[in-house]
Amino acid sequence: MFHLYSHPNSTYSQRVLIYFAYRNLHFENTVIALEKLENRKRPFLAVNPYGKVPVLADGDFIVSESQAIIQYLERVHSFSDPLFPNDPKLVAKLYQMMLQTESEFCFPGSTIYFAKRYRPEETWDLKRMKDSSKKIGRHLEILEEILKDQEYLFQNQFGILEILYAPFINTISYLDVKLPEGFEAWMNRVLEKEFVKTVLQKSN
């Protein structure tokens, strides 16, 4: 039995929870109370010395980081519709897009989101937030071109990219960016998936 250490409000945990729901995989879940700093205490640090969720345990094997967890789960199963192709060029392209999910959207988005959600306005780094917003805007324009002729980002099928983006586009209203029409339609398709809604509705 897979054992997940997570928190319902952690966007990176939500990725893995969405994946489990998408694949209908059984697992045990231990919620790490981030609000009580349980992630910084010895019991959890013995599992992940970096003090971050999510973490997956499969027997004695332990892996952290949402992308690594999902790749591991995908590769230990033989699904008829694998999320990762075999063709090396397609795999390289997909990995490129996965990395860009983080560098061009999630990381700059977190700069804005955490400031607005958790910090007094007088402490905001307005220049950094503005630069982050511009970076995200450029990224959305690139995604808009991809979505011009298809409904999903890679090979026109719901897949790993949608799972990675889902928790972050759920809070996109914080980011002060104009949503291109095609991107917004794609975002709504992703967030309307029942297994996505089930996970994200448990956050607050």
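The values are calculated or read from the model by the stated rules, or taken from the named source; none is laboratory data. The structure displayed is predicted, hence computed values, not measured ones. Cβ placement follows ideal geometry from the backbone for every residue including glycine, while neighbour counts extend to all protein chains displayed. Accessible surface is based on the protein model in full, side chains and every heavy atom, while ligands, DNA and RNA are left aside. Shrake-Rupley method; radii C 1.70, N 1.55, O 1.52, S 1.80 Å.
Worth a mention:
- Neighbour count of at most 13 Cβ within 10 Å plus DSSP loop: longest GluC sites (Glu not before Pro)-free window in the chain: 1-150
- Based on protein heavy atoms only, the stretch 1-67 ends up with 55 Å² per residue of surface accessible to a 1.4 Å probe.
- Point-charge dipole on Cβ atoms (K/R +1, D/E -1) for the chain, about Cα centre, debye to 20: 640 debye
- A 1.4 Å probe run over the stretch 94-161, with the rest of the protein chains in place, finds 60 Å² accessible per residue.
- Loop-located chymotrypsin sites (Phe, Trp or Tyr not before Pro) in the stretch 1-110 (DSSP state other than H, G, I, E, B) with a sparse environment of at most 16 neighbouring Cβ atoms within 10 Å: Tyr50, Phe79.
- For the stretch 38-137: lysine pairs under 18 Å (alpha-carbon distance), excluding those fewer than 8 apart on one chain: 6
- Computed over the alpha-carbon atoms, the chain gives an Rg to Rh ratio of 0.96, Rh here being the Kirkwood radius from the mean inverse distance.
- Gain upon complete extension [Thr198, Val91; 0.36 nm per residue less C-alpha separation]: 35.6 nm
- Percent of beta bridges antiparallel (DSSP, the stretch 1-132, rounded to nearest 5): 60 percent
- Net charge contributed by nearby residues that have their C-beta within less than 14 Å of Leu126 (K/R +1, D/E -1): +1
- Evaluated at q = 0.20, 0.21, 0.23, 0.24 Å⁻¹: base-10 log I(q)/I(0), Debye formula over Cα of the stretch 39-139: -1.07, -1.09, -1.13, -1.16
- If you run the Gaussian network model on the chain, springs between alpha carbon atoms under 10 Å, then out of Ile142, Ile172, Ile160 the most flexible one is Ile142.
- Look at the dipole of the chain built from charges on Cβ: of Ile18, Ser110, Gly137, the Cα furthest out on the positive end belongs to Ser110.
- Leu45 versus Phe114: modelled label distance in nm, points set 7 Å from Cα along the beta carbon direction: 1.9 nm
- When the charge dipole of the chain is built from unit charges on Cβ atoms (+1 for Lys and Arg, -1 for Asp and Glu) and taken about the Cα centre, the candidate among Ala33, Leu94, Val76 whose Cα reaches farthest toward its positive end is Ala33.
- Span-like helix check, the chain: no full DSSP H segment qualifies, none having both a Cα axial length of 24 Å or more and a mean Kyte-Doolittle of 1.0 or more.
- The relative contact order of the chain comes to 23 percent, based on Cα pairs under 8 Å that sit 6 or more residues apart.
- Against the compact-protein benchmark of 2.2 N^0.38 Å, the Cα-based radius of gyration of the stretch 79-192 scales to 1.14.
- Accessible-area composition of the stretch 1-138, carbon plus sulfur, in percent [1.4 Å probe]: 54 percent
- Helix-only mean residue ellipticity at 222 nm for the chain, each DSSP H run of n ≥ 4 adding -39500 (n - 2.57), per residue, nearest 500: -15500 deg cm²/dmol
- Electrostatic dipole magnitude of the stretch 67-180 [Cβ: Lys, Arg +1; Asp, Glu -1; Cα centre; debye, to 20]: 400 debye
- Size of electric dipole in the stretch 1-45: Cβ of Lys, Arg +1 and of Asp, Glu -1, about Cα centre, debye, nearest 20: 140 debye
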